[in-house]
Amino acid sequence: MTPTLVVEAAGIELGDRVLDVACGDGDATLHAARRVGPRGLALGVDVSAPMVERARRRAGKAGLANVGFLLADARTQRFAALRFDVVVSQRGLIRWTPGDGGFANLARALRPGGRLVFVSLDDPGRVRAELTRAGLVQTGAARADVDGVPSWIFTAGAPLAAGVEDQLASSRRTPLSADGWRSRESARASI
Ligand SMILES: C[S@@+](CC[C@H](N)C(=O)[O-])C[C@H]1O[C@@H](n2cnc3c(N)ncnc32)[C@H](O)[C@@H]1O
């Protein structure tokens, strides 16, 4: 699989704070750390201790100071203080049980106007319903051929703070799309 497809799709920019859920040995996290530069940060989270160990070793070898890895269950871990700009996941949200609160936990980890972008094989109708139930908005699903495997890139946004939606309604903000997110500067400027 293209190791960092999800980072490309998410349109990560300099200075972003990025959470990589179910990061494995850190491919997408490391790519995100390079993309966000020294003023941004990338945090990978995974439930597997060997994966987290390996990811930390890779980050050390790469000499990246803006990356970290956390051994935790992303469905329940409280990320409260961090409020990420972007949450990504590559094949990590597979078979999250409907109603287990996992997506709602990720929604809480996003700043208002932040976005969730992930690659999954799961049924788009079911996943989008879960995202909506978790309080996320502007959900989308686009087909993606990932190493010959028919997959989906899902996108969803955290609602903006009250009143900001109205201010943005007539602005140049572009809706979330699966091939990238082009709206944040105007959203950020208004928050
Ligand atoms: C198919 S691997 C994908 C790894 C990586 N994202 C990649 O694309 O190479 C799935 C990963 O999800 C992790 N995982 C599964 N459920 C998780 C959860 N609830 N919280 C954190 N990590 C989880 C597993 O430990 C495993 O490393």
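The values are calculated or read from the model by the stated rules, or taken from the named source; none is laboratory data. Note that the structure is a prediction, hence the values are computed from the model and not measured. Backbone-built Cβ (ideal geometry, glycine too); neighbour counts: all protein chains shown.
Kindly evaluate Val67 against the criterion of being more than 12 Å from the ligand (Cβ to nearest atom), among the aliphatic types (A, V, I, L, M) and in contact with a Ser or Thr (Cβ under 9 Å, 6 or more places away or on another chain). Against the criterion (more than 12 Å from the ligand (Cβ to nearest atom), among the aliphatic types (A, V, I, L, M) and in contact with a Ser or Thr (Cβ under 9 Å, 6 or more places away or on another chain)), Val67 qualifies.
The residue that is surrounded by the most Cβ atoms within 10 Å (Cβ to Cβ), among those in segment 33-54 that are out of contact with any Asp or Glu (no Cβ under 6 Å at 6 or more places or on another chain) and within 18 Å of Ala109 (Cβ to Cβ), is Ala42. Annotation note: of Ala9, Ala22, Ala104, the sole residue that is near the ligand (Cβ under 9 Å from one of its atoms), small (Gly, Ala, Ser) and either under 22 Å from Val146 (Cα atoms) or at pLDDT below 95 (or both) is Ala22. Of the helices (runs of 4 or more DSSP H) entirely within segment 1-119, those holding at least 2 residues that are under 22 Å from Leu160 (Cβ atoms) occupy 5-10, 102-109.
Look at segment 46-60: where a residue is closer than 21 Å to Val87 by Cα and a partner is among the aromatic types (Phe, Trp, Tyr), sitting 6+ places away or on another chain with Cβ atoms under 8 Å, you get Asp46/Phe69; Val52/Phe69; Ala55/Phe69; Arg56/Phe69; Ala59/Phe69.
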